[in-house]
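Before any comments, here is the structure.
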Amino acid sequence: MLLHPSMDDYELGPLLGRGGMGEVHIARHKNRVVAVKRVRKTLSSDRLLRARLGDERQLLGRIDHANVVSALGGGVDAEGHPYLMMSRAYGAPLDAAIASGPLTRDRIAGISAQLFAGLIAIHEARVIHGDLKSSNVMVDEIDRVTIIDFGLARTVTKDFQDDSLFAGTPAYMAPEVMAGDRPSIGADIFAAGIIVYEMLTGSTPIPRNLPATTVLTLRIDAPIESPSKRAPARGLTKQLDAVLHCALDRDPAARFPTARAFANELAEALAGWTSVAPSIAPIAVALPVDNEPTLVNRDLSADVIAESLSAASARIARRDVKGAVEVLEHGLVRLGQIVPSRVTPLGPAAWRIETVLAALYDSLGKKDHANRLARAAYQHALRTGCPVAEARTGALLGQLVSGRRRVARGSAEIVPTPWPRARNR
């Protein structure tokens, strides 16, 4: 791992996205894949935009959380264009998942728990995101969430270079920000409320394609339609309505004071939403004070892990590797719904599924997926304090990094055996 990565060491790859001021590319160096944000060539001489990219790097450097993109480095490339190197956020934007069809209660609970865990970390670092919206929330194939795009971020106590900059997506902007006030924690909470509203109903309270002046008028004059009225077929409860009305109050002082308070009230309301189809597994999505799940959740986790590994083993025995992958991916989603954590959306025991799934990804040629999940498994194994877990996950990670392939075989836990102890972990 490069401590101070430089663009000289990376090969710039496909374009991931483009905005009015910059563009983001995939970049690769050996087995490492990152994302690189660059000011657009036609704007690379703009001193304000160059300064903003430096501010973004500085702000991201304050935050270290599994649900927030990380800054890895930055500078000026050989062509004179400023850049910011970040961890790669996998998956697709949350708005794409919402557009594909109604999200179940379990998915909303799991995604929102991670969204708020990341937002809590952002605010604890004294940072305001400033452009929170569903398209800036990435969700991967096992519903792991990553908050991205800190191009409009600020500190809580001090502004950066462009305090007069008015930018953002009107449908997610708090009314006071649209009226000229600077972004605040309350504005981020308002934007998070819009995202939750969108997950519950399939749409934002005010359409996203309206001009800012129209949105501002509606924000001031028209009350927010209750989620239960917007989507009557969903059977949304009055408790959910009350939570969203609090988060989306016109008065910042009347909103939830913190993202944690919003998260806990939402978790309770989602748990009481019983008129939908039965959940896949019991959920407990309130953010805990520490990183240890309750005894009940530990038992539920063990059941999910055992069921998932058993079902995957049966599919592998039938040579249905893709089916086994689907079972294990679903198992990780269920774990994330049972024991969401402030640090990572899964409990330490998740390594048992993650190692097998990483090996299966590798056997299917999904190298990036395999490497990413193997790293997550190793981190989870370290938290267990179990030497066997550390040895198994470290060995797999070493095999993947060195390029050796091993196809998972069926056993009681379908863990490839014997695995040698990892070297150079």
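The values are calculated or read from the model by the stated rules, or taken from the named source; none is laboratory data. Keep in mind the model is a prediction, meaning the values are calculated, not measured. Virtual Cβ from ideal backbone geometry, glycine too; neighbours counted across all protein chains shown.
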Residue ID - modelled with the lowest pLDDT, chosen from residues in region 207-225 that are under 25 Å from Ala261 (Cα atoms) and buried (at least 19 other Cβ atoms within 10 Å of the Cβ): Arg219
Any hit, region 34-55, residues being within 23 Å of Val127 (Cβ to Cβ), surrounded by 17 or more Cβ atoms within 10 Å (Cβ to Cβ), at pLDDT 80 or above and in contact with a helix residue (DSSP H, G or I) (Cβ under 9 Å, 6 or more places away or on another chain): yes
Note down all Cβ pairs under 9 Å where the first residue falls in region 246-260 and is part of a helix (DSSP H, G or I), the second is among the acidic types (Asp, Glu), and they're at least six residues apart or on different chains. Cys246/Glu265; Ala247/Glu265; Pro252/Glu176; Pro252/Asp181; Ala259/Asp188
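The rows are residues; the columns are (1) surrounded by 19 or more Cβ atoms within 10 Å (Cβ to Cβ); (2) outside the structural domain of Glu23 (by TED's automatic domain parsing).
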| residue | (1), (2) |
| --- | --- |
| Glu79 | no, no |
| Pro82 | yes, no |
| Ser100 | no, yes |
| Gly118 | yes, yes |
| His129 | yes, yes |
| Asp140 | no, yes |
| Asp143 | yes, yes |
| Asp149 | yes, yes |
